[in-house]
Every structure is written in C-alpha cells, then in structure tokens.
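Step one of this worksheet: look at the structure below.
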C-alpha cells in the first residue's frame, strides 16, 4: 500500500497497533471466516469506523442483513470515506473496499442487493471495523 493516504505507518507500526487477525485483514487484505464476526449481529444505532485509523465509514441506518455471513451496508457514510479498487485475486473480478484515510482493507462491494436503495452490498469484515453505539445520524 502506498503513502498517498493521510494516515501512513510502517508495517512494524501497524503490527504493534493491531492484533494478528486485524493485521491480516486490514493490512494484508485477508478475510475473516463467515458468520464469525462480532459485528454481524450488531443492531444498535451507531457508527462504524475503520479499526486502524478511526475514519467514520458507515452508519447503522445503512446496515442490512444480506445473509452472506459478514456485516453488510448499502452505502458508505460519504463517497470519499472509502476507496474502491479492482481486485482480480482468487481467479475472479471483484471490487475491493479500502479506507480512504489509511488504505486498510475493509472488504468488497457487490451490486447484488436489489432490496436496498442503492442496490449495493458493502460486505465488510467485522475485524476491520469498530462500532460506537448511540451517535446521532449526520445531517
């Protein structure tokens, strides 16, 4: 990952701040096992931020149950909060979602959610996010 981000740290700094599972997902684009993430069943009102840098990414109002095994949202807080990058790993073409502030891997976005206002499913790793309950919706 390049140094074009507002928050930049060496791999050693990231390793010191993140636990091994967080580092594997956030900095090495790993994926947590489906149905295991702590935020999958989170239904309180609040905000979801990047676990690595604290950038606010999603509001609970856009979270929905997509039955895919990972927390899913139909829209980020604002378009400039995430970065979308073509991902051709694992023999398929997908769109990776990264934090626009620090470049950390969050998950992938798919256009397979017709039941939502945007049709998009931002399929995020729980370990990439931290949740803070009770924040009011931004105006």
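Say a paramagnetic label sat at a point 7 Å from the Cα of residue 94, along Cα to Cβ; which residues of the stretch 64-86 have their backbone N under 13 Å from it?
68-71, 85-86
Each label point is 7 Å from the Cα along the Cα-to-Cβ direction; what then is the distance between the points at residue 86 and residue 111, in nm?
Taking the simple label geometry, residue 86 and residue 111 are separated by 1.4 nm.
Arranged by the count of other C-beta atoms within 10 angstrom, fewest first, what order do 65, 120 take?
Ranking 65, 120 by Cβ neighbours within 10 Å, fewest first, gives 65, 120.
Report the residues of the stretch 75-117 in range of a label on residue 64: point 7 Å along Cα→C-beta, backbone N strictly under 14 Å from it.
Taking a point 7 Å out along Cα→Cβ of residue 64, the residues of the stretch 75-117 whose backbone N falls under 14 Å are 75-76, 110-117.
What is the mean projected area of the alpha carbon convex hull for the chain, to one decimal in square nanometres?
Projected area, direction-averaged: 8.4 nm².
Please identify, among 103, 30, 79, the residue showing maximal mean-square fluctuation in a Gaussian network model of the chain using a 10 angstrom Cα cutoff.
Result for the chain, Cα springs under 10 Å: 79 fluctuates most.
How large, in Å, is the stretch 42-122 by the Kirkwood hydrodynamic radius built from its alpha-carbon pairs?
13.0
Normalising by the residue count of the stretch 11-133, find the relative contact order in percent from Cα pairs under 8 Å and 6+ residues apart.
Reported as a whole number, the value is 29 percent.
The numbers here are math on the coordinates, done by the rules we state, and not lab data. If you're wondering where the values come from, they're calculated on a predicted model, not measured in any experiment. Positions of Cβ are backbone-derived with ideal geometry, glycine not excepted, and every protein chain shown enters the neighbour counts.
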